[in-house]
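Single-structure report; data block below.
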Amino acid sequence: MYGGTSILDSTYQNLYREPENYLLKIEHRQMAYHKNSNADFFIENNLNLAIRLPEMILLLDDTLFYTFYKYQEKLVIDYYNNSEFNLISILNGDWNKFIIDEVDKIGQNKIIYISMKDYDISGRIEIDKDYFPSQININFSKDEYFKLNLQQNIYNLTELSEIIPDTTGWEVIDFRE
């Protein structure tokens, strides 16, 4: 381990220190599939966050995960499984599974090279002098990766609930049962 995880802890604490709103640019490549998306990323805290994409809204509310499909007027509810590693676990700061391999300093910024040896996952987190993660790259394999770009202070949102659509009359699929 490269000097413990204190640099990841500082980055995590900075990202979640108070409710915030970001512009999130997502690039996802999986074999022949390649998609770029712009999303709004809303943080209340690490257990209450949302991603608003053009076609859907993903909401983590403590232990429950909601997916709002706006155009199909469908809501899917399930328990959040924190043992799985996915986009939400990256964004909610579940970085304790990572090992820091190396830290490079470029001017006032740093690049943290990380890995999860048991899963053959690697990546890098680019942080500024204030430990804000401007870019997160996660490589799941040579054929699949996520690239996330965050920009601070895009919106002035008072509550996370403001982005949740009215689901009256929507089809509800509840996997908790």
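The values are calculated or read from the model by the stated rules, or taken from the named source; none is laboratory data. All figures in this text were calculated on a predicted structure; none of them were measured in a lab. Note that we place each Cβ from the backbone using ideal geometry, even for glycine, and neighbour counts take in every protein chain shown.
Just to be sure before I move on: is Ser141 surrounded by fewer than 17 Cβ atoms within 10 Å (Cβ to Cβ) and more than 19 Å from Ser10 (Cβ to Cβ) in the structure I sent?
So Ser141 fits the description; yes.
Mind listing whichever residues of segment 104-122 are more than 19 Å from Ser141 (Cα to Cα) and surrounded by 13 or more Cβ atoms within 10 Å (Cβ to Cβ)?
Asn109, Lys110, Ile111
Got a sec? Which of Gly93, Gly107 is at pLDDT 90 or above and not hydrophobic (A, V, I, L, M, F, W, C)?
Gly107
Being among the acidic types (Asp, Glu) and either in a loop (DSSP other than H, G, I, E, B) or free of Cβ contacts under 8 Å to residues at least 12 places away in the same chain (or both) is the filter here; which residues of segment 39-82 pass it?
Selection gives Glu55, Asp62, Glu73.
Could you look through segment 69-103, keep only residues that are touching a Phe, Trp or Tyr at 6+ places or on another chain (Cβ under 8 Å) and of a type in the set (Phe, Trp, Tyr), and pick out the one that is surrounded by the most Cβ atoms within 10 Å (Cβ to Cβ)?
For segment 69-103, the residue satisfying everything is Trp95.
Name the residue that is modelled with the lowest pLDDT, counting only residues in segment 114-152 that are touching a strand residue (DSSP E or B) at 6+ places or on another chain (Cβ under 8 Å) and over 20 Å from Leu87 (Cβ atoms).
It comes out as Lys117.
Would you confirm whether any residue within segment 104-115 is without any contact (Cβ under 8 Å) to a residue 40 or more places away in the chain, more than 24 Å from Ile163 (Cα to Cα), among the aromatic types (Phe, Trp, Tyr) and out of contact with any Asp or Glu (no Cβ under 8 Å at 6 or more places or on another chain)?
no
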